[in-house]
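The values are calculated or read from the model by the stated rules, or taken from the named source; none is laboratory data. Quick caveat, the model's predicted, so the values are computed rather than measured. With ideal geometry, Cβ positions are generated from the backbone for all residues, glycine too; neighbour counts draw on all protein chains shown.
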């Protein structure tokens, strides 16, 4: 008996191959676009589907210079107040080239339920827009706390470039199912936050 | 009617499945250095995509070994004119951690000797990289929205390598470099090189991260 061999055209309408439901390990889930937004809240797509989620921040432009920050929800976005313990340090250098810094920022770490800084003093200059990413691990787990690791970069109104490194955990064994990003004051004038799941 | 079931051999000729969702991270191009003066990724050249197709690009440089006869800096620059000139103005911050193979005194500090303040020259990704047969530099870089004509172009790198001091002693060194190409023109080219001599060997990968 001859083997029947399929070609690309023969499977173009197939959406799964048995247990294979997609290709690649980084899956785009959603894009949130700011437009003079008081915050960007992501209330869907964060569940047990993936063990790791990555948020990419692109050209986060502040309406007025402010810290870019995050908070987590364990009730689908009704409240963003999950207790967190974090560390924060940053490297800074100005365009004038006469000032540098590498320092732990104990005014920007947190043990509490408030929003946590991801990036310091994002400028509102017309060509400014912070960028970066945040990994959130196993948010649906009901046994362990929820770790996150973030790196962002942005420059200030006074032309300092800050690279911000922060990590910590949401100290809850409830599932985290929503994440909110905002500026410490003013709006997110524009920018996008893309959410990905990692297989 | 009996159900026809296909096996792996039946689908061995399949190279594309239009109906299946693809991954969000797309390998655009891999370039292998072999005594190369430099390695460039230029939009529209040699199948390279470095434009608005993707909002974020990831570059990996793996086991880049210098052809230079001694320790040498590994560096990169950006182009806003499809590779004709690599001279985009940059402001960056750099900090590093290192420890010697024979010197357990670790150092962790900001490193002003490697940052740029509105400089157009090459940004050093790894300083005094060793040229021993088993030495070299490995790292990765994210570039955000290089095609934007509104915003500056942020990049973030983490590089790991063996560095040599003046006496040839080996150090494990990790450099954290971030900054921005201070231009509102689209960035459409990126170039890697050693400050002197060729890239004897190394693998360079360019990925695009989709937003759909």
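Structure summary
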quantity: Verdict on residue B:117 being at pLDDT 95 or above, more than 14 Å from chain A (Cβ to nearest Cβ) and surrounded by 16 or more Cβ atoms within 10 Å (Cβ to Cβ); calculated: no
quantity: Answer residue from the range B:157-190, given it is part of a loop (DSSP other than H, G, I, E, B), within 30 Å of residue B:104 (Cβ to Cβ) and touching a strand residue (DSSP E or B) at 6+ places or on another chain (Cβ under 8 Å) and is farthest from the other protein chains (Cβ to nearest Cβ) among those; calculated: B:169
quantity: Residue check, residue B:137 within 12 Å of the chain's Cα centre (by Cα) and more than 14 Å from every other protein chain (Cβ to nearest Cβ); calculated: yes
quantity: Filter result for the condition that a residue is surrounded by 15 or more Cβ atoms within 10 Å (Cβ to Cβ) and more than 30 Å from residue A:129 (Cα to Cα), over B:66, B:104; calculated: B:66
quantity: Test set (1) without any contact (Cβ under 8 Å) to a residue 24 or more places away in the chain; (2) crowded, with 18+ Cβ neighbours inside 10 Å - residue B:80 fails condition number; calculated: (1)
quantity: Within the range A:71-108, tally of residues that are touching a residue at least 60 places away in the same chain (Cβ under 8 Å) and either facing chain B (nearest Cβ under 8 Å) or part of a strand (DSSP E or B) (or both); calculated: 16
quantity: Residue that is more than 10 Å from every other protein chain (Cβ to nearest Cβ), closer than 16 Å to residue A:183 by Cα and crowded, with 16+ Cβ neighbours inside 10 Å, where the choices are A:119, A:153; calculated: A:119
quantity: Residues that are surrounded by 19 or more Cβ atoms within 10 Å (Cβ to Cβ) and more than 13 Å from the chain's Cα centre (by Cα), drawn from the range A:176-186; calculated: A:176, A:177, A:183
quantity: Enumeration of residues in the range B:12-44 that are under 30 Å from residue A:9 (Cα atoms) and either in contact with a strand residue (DSSP E or B) (Cβ under 6 Å, 6 or more places away or on another chain) or more than 14 Å from every other protein chain (Cβ to nearest Cβ) (or both); calculated: B:23, B:24, B:25, B:26, B:27, B:28, B:29, B:30, B:44
quantity: Selection count, the range A:46-70, where residues are over 28 Å from residue B:150 (Cβ atoms), crowded, with 17+ Cβ neighbours inside 10 Å and either touching a helix residue (DSSP H, G or I) at 6+ places or on another chain (Cβ under 7 Å) or away from chain B (no Cβ under 13 Å) (or both); calculated: 1
quantity: Flag if residue A:26 is over 13 Å from the mean Cα position of the chain (by Cα), within 12 Å of another protein chain (Cβ to nearest Cβ) and touching a residue at least 24 places away in the same chain (Cβ under 8 Å); calculated: yes
quantity: Residue in the range A:125-138 that is part of a loop (DSSP other than H, G, I, E, B), in contact (Cβ under 8 Å) with a residue 60 or more places away in the chain, within 20 Å of residue A:91 (Cα to Cα) and within 13 Å of another protein chain (Cβ to nearest Cβ) present; calculated: yes
quantity: Boolean, residue B:154 is modelled with pLDDT of 95 or more, surrounded by fewer than 19 Cβ atoms within 10 Å (Cβ to Cβ) and in a strand (DSSP E or B); calculated: no
quantity: Listing of strands (runs of 3 or more DSSP E) fully contained in the range B:51-131 that carry 2 or more residues being more than 23 Å from residue B:37 (Cα to Cα); calculated: B:56-66, B:90-100, B:107-110
